[in-house]
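To keep things clear, I will list the structure first and then write my remarks on it.
Readers should treat all values here as calculations from the given coordinates under stated rules, not as data from a laboratory. Predicted, not measured: the structure shown is a model, and the values here were computed from it. Here the Cβ positions follow ideal geometry from the backbone for every residue, glycine too, while neighbour counts run over all protein chains shown.
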Amino acid sequence: MRFTGSITLIRRLVQLYVGLTLFGVSAGLQVRAGLGLDPWDVLHQGIAERTGRQIGTISIVVGAAVLLLWIPLRQRPGLGTVSNVVLVGLAMNGTLDVLGTVHGYPARFGTLIAAIILCGLATGMYIAARFGPGPRDGLMTGAARRLGVSIRLARTSVEVTVLVIGWVLGGSVGIGTVLFAVGIGPLAQVFLRLFGYQPSAEPTTKPQPLSELPG
C-alpha cells in the first residue's frame with residue numbers, strides 16, 4: 001500500500017538523519033577525548049591545524065572533494081551520500097562548540113569509549129536506512145572495483161595514506177586511533193543487525209539516486 005510505503009520512507013529518512021547527526025557528535029567527542037582520531041579525522045584535524053578552520057568545516061570540504069572523485073569511478077551518489085558530506089561536519093562543529101575540553105585521563109578515556117560506541121550505533125543507523133554510502137566509503141568501494149583489488153586492500157591503502165598525511169600535518173594519532181580501528185567494525189556489525197540490515201535485501205547494488213526518490 002502507498003500509505004505504508006510513505007511511512008516506511010519517513011522512518012528511513014528519520015533514521016538516516018539521526019544516524020548522521022550522531023556520527024558527527026561521536027566525531028566531536030573523540031576530538032575532545034584527545035587520545036587520537038580515526039584516520040580521516042586525523043587528516044581533517046591536520047588540515048584544520050594548518051588553515052585555522054574548524055575541523056567539521058574541513059570534513060565538509062574534504063567530503064565534497066572526495067565526492068568529485070566518484071565521477072571517474074562511475075559511482076552514483078544517493079541522498080545519504082550528499083547528506084553525509086554536510087551534516088556530519090555540522091554536527092561535529094556543533095558538538096565541539098558545546099562541549100569543552102575534557103580533563104583527566106579517566107574522563108578522557110570514558111569519552112573516547114563513548115565516542116566509538118556512538119559511532120558504531122550511528123553507522124548502523126545510517127547504513128541500514130539504505131540511502132547510499134558516505135563519500136569516503138564509496139571512494140574505497142569504487143576504487144576496489146575499478147582497480148580490481150579487494151575492498152579490504154583498497155580501504156587499508158586509502159586509510160593508511162590519509163592517516164600518514166594527517167599525522168604529518170599535525171593530526172592526533174594515539175590509542176584512540178587503534179581502538180577505533182579495532183572496535184568500529186564489530187560494533188557496526190552489531191548495530192546493523194539491531195536495525196535489521198540485510199545486504200541481500202538491497203534493491204540494487206547502487207545507491208538510490210536523488211532523482212529516483214519517491215515524491
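Could you please rank Ser157, Ser26, Ser83, placing first whichever residue has the fewest other Cβ atoms within 10 Å of its Cβ? Write out the running numbers ahead of the final one.
Working: Ser157 15, Ser26 27, Ser83 22.
Exposure proxy ranking, most exposed first: Ser157, Ser83, Ser26.
Could you compute the net charge surrounding Trp40? Neighbours are other residues with a C-beta less than 12 Å from the C-beta of Trp40; K and R count +1, D and E count -1. Don't jump to the answer; show the numbers that get you there.
Details: positive: Arg136, Arg155; negative: Asp38, Asp41, Asp137, Glu159.
Taking every Cβ under 12 Å from that of Trp40, the sum is -2.
Throw me the Rg/Rh for region 63-161, computed over C-alpha atoms with Kirkwood Rh, two decimals. Let's see the in-between values first.
Values: Rg = 16.0 Å, Rh = 15.3 Å.
The Rg/Rh ratio comes out at 1.04.
Specify the angular offset, from 0 to 90 degrees and rounded to the nearest 10, of the alpha carbon long axis of helix 175-194 from the longest principal axis of the alpha carbons in the chain.
Taking the Cα atoms of the chain, the angle to 175-194 is about 20 degrees.
Apply the Karplus parameterisation 6.51 cos²θ - 1.76 cosθ + 1.60, with θ equal to phi minus 60°, to every residue of region 44-60 and state each ³J(HN,Hα) to the nearest whole Hz, in sequence, with x for glycine and proline.
4, 5, x, 5, 4, 4, 7, 9, x, 8, 5, 4, x, 5, 5, 4, 5
For region 25-67, build the convex hull from the C-alpha positions and give me its volume per residue in Å³. Before the final figure, lay out each step's value.
Values: hull volume 3.1 nm³, N = 43.
Per-residue hull volume (Cα only) is 72 Å³.
Which of rounded, prolate or oblate describes region 144-187 when judged by the alpha-carbon gyration tensor and an a/c cut-off of 1.5? Display every interim value, and only then the final one.
Details: a/c = 4.42, a/b = 1.36, b/c = 3.25.
It comes out oblate by the Cα gyration axes.
Match the structure shown to one of the listed values (i) 142; (ii) 185; (iii) 128 of volume of the Cα convex hull per residue in Å³, computed from it, and give that label.
(iii)
In nm, give the distance between the simple-model label positions of Leu194 and Leu69, each being 7 Å from the Cα along the Cα-to-Cβ direction.
Placing both labels 7 Å along Cα→Cβ, they lie 3.1 nm apart.
Please label the shape of region 1-89 as rounded, prolate or oblate, based on the square roots a ≥ b ≥ c of the eigenvalues of the alpha-carbon gyration tensor (a/c under 1.5 means rounded; beyond that, a/b larger than b/c means prolate, else oblate).
Details: a/c = 3.26, a/b = 1.62, b/c = 2.01.
Since a/c reaches 1.5 but b/c is at least a/b, the shape of region 1-89 is classed as oblate.
Over the alpha-carbon set of region 126-199, work out the extent along each principal axis and list the three values in angstrom, largest first.
Principal extents (Cα only, largest first): 40, 31, 19 Å.
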